[in-house]
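Reviewing the structure listed below.
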Amino acid sequence: MSERVERALRELASAVREEVAAIPDGVGTLAEEIARARKESRLSLQEVGERSGFTKFHIWELEQGRSRNPTVGMIAGLSTALGVPFHRLAEAALNTLQAAREGNNA
């Protein structure tokens, strides 16, 4: 393996470790995580929409729990826009789906 490939693999492994380490216990639903991060960052819905490449309305729908099935691209855009690790928002999306399933079974 070339030095360049080995270096890239080390950097990727390091980035993955940082992502996983950044996920604290108690990740909420996607709505909760978006609202928390947006308020902590003091960003408006419009600013998050512009930074993520989605509409203000779609961000609002996610934050209100009305849109529960975001794409991987949307999670990536929100991660960048809000400065939240991708893995945290992906876990939050899974928590949202689980909560919806549990609500349907009640």
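The values are calculated or read from the model by the stated rules, or taken from the named source; none is laboratory data. Keep in mind that this is a model prediction, so the values were computed, not measured. Positions of Cβ are backbone-derived with ideal geometry, glycine not excepted, and every protein chain shown enters the neighbour counts. These area figures cover heavy atoms from the full protein model, side chains too; ligands, DNA and RNA do not enter into them. Shrake-Rupley method; radii C 1.70, N 1.55, O 1.52, S 1.80 Å.
Scoring G103 on the criteria (1) modelled with pLDDT of 90 or more; (2) more than 12 Å from the chain's Cα centre (by Cα); (3) more than 24 Å from A15 (Cα to Cα); (4) open to solvent by less than 70 Å² (accessible area, probe 1.4 Å) leaves a single failure, condition (1). Give Q46, Q98 a once-over and let me know the one that is loosely packed, with under 15 Cβ neighbours inside 10 Å, touching a helix residue (DSSP H, G or I) at 6+ places or on another chain (Cβ under 6 Å) and assigned to a helix (DSSP H, G or I). Unique residue meeting the criteria: Q46. The single residue among R51, R88 that is of a type outside the set (D, E), assigned to a helix (DSSP H, G or I), under 27 Å from R17 (Cα atoms) and open to solvent by 100 Å² or more (accessible area, probe 1.4 Å) turns out to be R51.
The residue that is least open to solvent (accessible area, probe 1.4 Å), counting only those in segment 68-84 that are closer than 19 Å to L97 by Cα and among the small types (G, A, S), is S79.
Number of residues in segment 54-67 that are in a helix (DSSP H, G or I) and either open to solvent by 70 Å² or more (accessible area, probe 1.4 Å) or without any contact (Cβ under 8 Å) to a residue 24 or more places away in the chain (or both) equals 5.
Pairs meeting the criteria (first residue in segment 21-36 and assigned to a helix (DSSP H, G or I), second residue at pLDDT 85 or above and open to solvent by 60 Å² or more (accessible area, probe 1.4 Å), beta carbons under 8 Å, at least 6 apart or on different chains) are A31/Q64.
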